[in-house]
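Visitor: One structure coming up, written as structure tokens, with questions to follow.
The values are calculated or read from the model by the stated rules, or taken from the named source; none is laboratory data. Treat the numbers as computed from the prediction; the structure is a model and nothing was measured. Using ideal geometry, Cβ is built from the backbone for each residue, glycine included, and neighbour counts are taken over all protein chains shown.
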Amino acid sequence: METVKPRPLLSPARMSSTSPQLINCPSCGTPNPTTAEVCTHCSGRIEALRPQSPTLIDIALLIAGFFLFAVGLASLVMAFYYHQSVESSMTTAGAASLVVGIVLILVGAYLRSA
């Protein structure tokens, strides 16, 4: 009795390694849908190649970064609008919030891209 190979979902002419809907199997190289947990050809696990979704920490860092950036920018604008000196606590806190916000945004963006 001969075994029947499963037919590919797409014809070889339409299969592309750059297609966002397909992911290549690490064992045999067959393109598979990104929702597949095992290869349709060799039954090898392809779960590790699936793109990672952003974690809660990445999103929280980005939100906190944008919030601190906005608070720092508003503090600096208000300080300069009311002609406060550079040594005032409002200016110092605004600058610190601005810098911390930028750092958090950069860290969150880096973690999301990695």
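Visitor: Could you please tell me which pairs satisfy a Cβ distance under 7 Å, a separation of 6+ or placement on different chains, a first residue in the range 83-112 that is modelled with pLDDT under 80, and a second residue that is loosely packed, with under 13 Cβ neighbours inside 10 Å?
Guide: So the pair list comes out as Arg112/Pro54.
Visitor: Out of (1) loosely packed, with under 14 Cβ neighbours inside 10 Å; (2) modelled with pLDDT under 85, what's the single condition that is false for Leu10?
Guide: (1)
Visitor: Could you please find all residues in the range 64-114 being part of a loop (DSSP other than H, G, I, E, B) and aliphatic (A, V, I, L, M)?
Guide: Val86, Ala114
Visitor: Of the residues Ser27, Ser75, only one is surrounded by 13 or more Cβ atoms within 10 Å (Cβ to Cβ), at pLDDT 85 or above and of a type in the set (Ser, Thr, Tyr); which?
Guide: Selected residue: Ser75, the only one of Ser27, Ser75 that is surrounded by 13 or more Cβ atoms within 10 Å (Cβ to Cβ), at pLDDT 85 or above and of a type in the set (Ser, Thr, Tyr).
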